[in-house]
């Protein structure tokens, strides 16, 4: 009656083996390492570079304990953090121009384990230290920007087709074009619907005006938003690469948010500065003809904006944007002819063509180069165009220090953001607290487990010992599973592991109590064991499914730390059902199934004096 | 070893009247404290900045406050936690420091005052995020409650679903009541604990419900109250041992878990203790109140067959 077929034992044995194999890497610890990966496509992390690095390190008497050449880059292992940091500084100055030199931790587990994917659990930021940012993309800002671009395009199209209009204005999220009569409006509709397929045109008549309402089509709007988010993510990735972080996480969250996680980053101020800055470059024309006096009084002429030039006076700049930062392929700090700090910008072919055209058409006029940084727009410089500039090489110089030149170059090189972004959540954990959190989580689990194990073993004797073994198997399987899935372990996650220990014992207690019940009812030992397991099963499933419902809801609605908790809770429920039913039953069957039992070794069972209630 | 030696069933249902009064009193008190004192919502929900810093030597909080006041941040709360070297600073959201720059500014000022100061942890949550987290938390609570009611209604019967969820929401309200009364900080991790309690303490009700169903089939002559009394008595030993074991782990968390897990463990402790109480003395009386019958669980069409048996 209490016997398992061989295949059940095999399932248990195989899952145990897997659990053990994938749990093991967690016990080897990690050692400090440096990760070197190419910054540009032109640079390559290959055997030649590895040799160069090895020689450099040897020259500076910096011992390393191993090197690893991978497709993504080179990893060098060190014995201690001191050497690691020294080596980073040395390598940074040597090859830092072409490569990202980042601090990292490498698991110490043997190579063959890594090869079969047996890696330690992925530690969350609260355990390893680092920064977590959530950035919100200002989609409204992006919309306004594109509306402004559209209204200038509309204006020039109408002008080219000689269709008179009585004004183009932006009203909320649409553009309103006024016409004197319906004929011109009809002409305009016919013309505009040909060129602007992305726009919705609607006629509205008021008392004395004929309006044409122009809005961006909803699906186009959505596409623009997706594109803006994607571009921002790409930009952030480039910027993070400039920071030199190993294993950064940059991912989309919802429709307009980005999560950035930088493990091990300690200089949070710098990280925030680089990420938080939303510089984009815009090239527009300066309006020298209009009345600047009126603008200073607060009424800038139509289609222009008032700005102050860096280190100079106020000037009027046309709203129409001729060229934006996304055409930039490279930007390097340097000096101009007068040895003043400058930024040398290289444009892509399209940008170069536009730039050539605009400089040809505007010789003798002034062009403004604007740096747009989150609600703050600054005219860096407004040089007079002396001649046509071809080749896509632009030099920006204008009263900046060499540090500023370097920062501007970095921001421009790292790419422009399609829409402004703002940090709306930050969680930073210092490295010392991270290490402390690991020991806190570990100790909570360890002492909790020991207390429960001791109590259960004493209370239920042999069956208690089996329960404790099942509980250990549960823990083993849970950690193995977390390692296989490479789920992120956080401090609440460790709390969930501890809690799983406390909750998983429930199934064992249910079984043991049931067996005792059956013994009280006077059934034979083997039958009592059998009935106990069978009857407890339904209850175990019921109670665990309700907890699973809670876990899934937590996962669905939770964020950050709560999600980590939910993942472990859900997995813990699965492993605990398995270990309490299959594993402990298997052990009982193996130990007691094949022989005659005079009594069940489940501690002394008290029986009521009256046999029936 | 066997702690639980009941000669006969404990007449829980006879205490139903008193226990309902007691539960109602606790429940109303909890609501009262939540309403009057409100929850001390953490930065996760209100938005703002929390900084955990550590000095090289024991420090005087007045000095930290002075530095902050010097920057015009008189509305900051500064307190010790753990040792006298560790300081926790809470700052409300400030308009002029967007994008989480506030912590850097404060850190710079503190470093100028005392070089040994070390940044341990910073949490900045924008007001819109806080609002969302709160909404998501409420949604999760709703979803879990509904999920449990539906599951229990399918697995047992709708009366059991109602009884189960009332008992569990009772636990949740009591936890919230405690947090309101003592003004303990209610953070995202505490919310996780509350939801875990919701899932966990429903276990308790499920185990008892399972027994009630079994007893309805087995003890064919017994009255409903007697069936329930017997079910609770029979599961008593499991109840106490399971919860005792879970509580051991939670105590371990209280002792070793540090300040992040402290309130988490505290919420669990209240949840576990009241979970035992509520599944025995809240869920079951409600079942009786809702008029649970043998026919609710034991299908009538099977009856003639069973009666035909000798």
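Key figures for this structure:
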{"item": "Residue list for the stretch A:175-206, filter: in contact with a helix residue (DSSP H, G or I) (Cβ under 8 Å, 6 or more places away or on another chain) and at pLDDT 80 or above", "result": "A:175, A:177, A:179, A:188, A:191, A:192, A:196, A:198, A:199, A:201, A:203"}
{"item": "Subset of the stretch A:430-466 [more than 10 Å from chain B (Cβ to nearest Cβ) and buried (at least 24 other Cβ atoms within 10 Å of the Cβ)]", "result": "A:463, A:466"}
{"item": "Any hit, the stretch B:263-280, residues being touching a strand residue (DSSP E or B) at 6+ places or on another chain (Cβ under 6 Å) and within 11 Å of chain A (Cβ to nearest Cβ)", "result": "no"}
{"item": "Residue match in the stretch B:65-74 (condition: facing chain A (nearest Cβ under 9 Å), out of contact with any helix residue (DSSP H, G or I) (no Cβ under 7 Å at 6 or more places or on another chain) and closer than 27 Å to residue A:130 by Cα)", "result": "no"}
{"item": "Any hit, the stretch B:91-114, residues being within 12 Å of another protein chain (Cβ to nearest Cβ), touching a strand residue (DSSP E or B) at 6+ places or on another chain (Cβ under 6 Å) and at pLDDT 85 or above", "result": "no"}
{"item": "Conditions (1) under 22 Å from residue A:582 (Cβ atoms); (2) more than 31 Å from the chain's Cα centre (by Cα); (3) more than 8 Å from every other protein chain (Cβ to nearest Cβ); (4) touching a residue at least 12 places away in the same chain (Cβ under 8 Å): number failed by residue A:500", "result": "(2)"}
{"item": "Residue in the stretch A:272-290 that is free of Cβ contacts under 8 Å to residues at least 60 places away in the same chain, within 26 Å of residue A:144 (Cβ to Cβ) and not assigned by TED's automatic domain parsing to the domain that holds residue A:406 present", "result": "yes"}
{"item": "Unmet criterion (only one of (1) closer than 30 Å to residue A:605 by Cβ; (2) out of contact with any helix residue (DSSP H, G or I) (no Cβ under 7 Å at 6 or more places or on another chain); (3) assigned to a helix (DSSP H, G or I)) for residue B:5", "result": "(3)"}
{"item": "Residues being at pLDDT below 75 and touching a strand residue (DSSP E or B) at 6+ places or on another chain (Cβ under 6 Å) - total across the stretch A:376-416", "result": "9"}
{"item": "Residue match in the stretch B:248-257 (condition: assigned to a helix (DSSP H, G or I), at positive phi and within 11 Å of another protein chain (Cβ to nearest Cβ))", "result": "no"}
{"item": "From A:519, A:484, A:545, A:505, residue being at the interface with chain B (Cβ under 7 Å from one of its Cβ atoms), touching a helix residue (DSSP H, G or I) at 6+ places or on another chain (Cβ under 7 Å), surrounded by fewer than 22 Cβ atoms within 10 Å (Cβ to Cβ) and assigned to a helix (DSSP H, G or I)", "result": "A:545"}
{"item": "Counted residues, the stretch B:115-141 - those being more than 8 Å from every other protein chain (Cβ to nearest Cβ) and farther than 20 Å from residue A:561 by Cα", "result": "3"}
{"item": "Residue among B:169, B:191 that is under 12 Å from the mean Cα position of the chain (by Cα), in contact (Cβ under 8 Å) with a residue 12 or more places away in the chain, within 9 Å of chain A (Cβ to nearest Cβ) and assigned to a helix (DSSP H, G or I)", "result": "B:191"}
{"item": "Test: residue in the stretch B:41-60 that is surrounded by fewer than 19 Cβ atoms within 10 Å (Cβ to Cβ) and over 30 Å from residue B:86 (Cβ atoms)", "result": "no"}
{"item": "Residue count, the stretch B:72-83 (criterion: modelled with pLDDT under 80 and closer than 20 Å to residue B:54 by Cα)", "result": "4"}
{"item": "Enumeration of residues in the stretch A:418-429 that are within 7 Å of another protein chain (Cβ to nearest Cβ) and surrounded by 20 or more Cβ atoms within 10 Å (Cβ to Cβ)", "result": "A:424, A:425, A:426, A:427, A:428, A:429"}
{"item": "Residue among A:27, A:18 that alone is within 30 Å of residue A:578 (Cα to Cα) and in contact (Cβ under 8 Å) with a residue 60 or more places away in the chain", "result": "A:18"}
{"item": "Residue A:121 vs. criteria within 30 Å of residue A:176 (Cα to Cα), touching a helix residue (DSSP H, G or I) at 6+ places or on another chain (Cβ under 8 Å) and modelled with pLDDT of 80 or more", "result": "no"}
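The values are calculated or read from the model by the stated rules, or taken from the named source; none is laboratory data. On a predicted model such as this, the values are computed, not experimentally measured, just so you know. Ideal geometry is used to build each Cβ from the backbone, glycine not excepted, and the neighbour counts take in all protein chains shown.
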